[in-house]
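To start, the structure itself, in structure tokens.
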Amino acid sequence: MKISKEDVLKVAELARLEFGEEELEKFTEQLGNILSYIENLNKLDTDGVEPTSHVLDVATPLREDEVQDWLTPGEALQNAPEGVDGFFVVPQVIED
């Protein structure tokens, strides 16, 4: 799979990243190499190989799902820089 500079610029735009021309060349080449490597992995014969989600046999420890007392809204907001009506006030990160 070939990746173009336009593809990299589109991904950069979505991630809100800005690159110089030199970085754009470098990242386009690096992403192209990564995609080529993935194509090689797709060529491997995995017939008979059981799918796995984790390389180690681990289990997630679970606790009982019990209702517990937690912080009150006032306690949670106690160290917040700003709160209004029991909610945290944070800087706007999504533009209108």
- Mind checking whether some residue in segment 79-87 is open to solvent by 100 Å² or more (accessible area, probe 1.4 Å) and aliphatic (A, V, I, L, M)? no
- Task: Just one of (1) over 22 Å from the mean Cα position of the chain (by Cα); (2) over 30 Å from E95 (Cα atoms); (3) surrounded by 12 or more Cβ atoms within 10 Å (Cβ to Cβ) trips up G32, so point out which.
- Result: (1)
- Query: Among the listed residues V11, V58, V67, which satisfies the condition of being hydrophobic (A, V, I, L, M, F, W, C) and open to solvent by 100 Å² or more (accessible area, probe 1.4 Å)?
  - Reply: V67
- Query: Cβ-Cβ below 9 Å, separation at least six or inter-chain, first residue in segment 81-96 and in a loop (DSSP other than H, G, I, E, B), second charged (D, E, K, R) and at pLDDT below 95: which pairs?
  - Reply: V89/E82; V90/E82
- Message: open to solvent by 100 Å² or more (accessible area, probe 1.4 Å), assigned to a helix (DSSP H, G or I) and farther than 27 Å from V93 by Cα: which single residue out of K26, K2 fits that description?
- Response: K26
- Note on the structure: The condition of being over 24 Å from the mean Cα position of the chain (by Cα), open to solvent by 100 Å² or more (accessible area, probe 1.4 Å) and within 30 Å of E95 (Cα to Cα) holds, among E50, E21, only for E21
- Query: Is it the case that segment 71-87 has a residue that's polar (S, T, N, Q), on the phi < 0 side of the Ramachandran plot and under 23 Å from the mean Cα position of the chain (by Cα)?
  - Reply: no
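The values are calculated or read from the model by the stated rules, or taken from the named source; none is laboratory data. Owing to the predicted nature of the structure, the values given are computational and were not obtained by experimental measurement. No Cβ is skipped: glycine too gets one built from the backbone with ideal geometry, and neighbour counts run over all protein chains shown. Note: accessible area is taken over every heavy atom of the protein model, side chains too, but ligands, DNA and RNA are not part of it. Shrake-Rupley method; radii C 1.70, N 1.55, O 1.52, S 1.80 Å.
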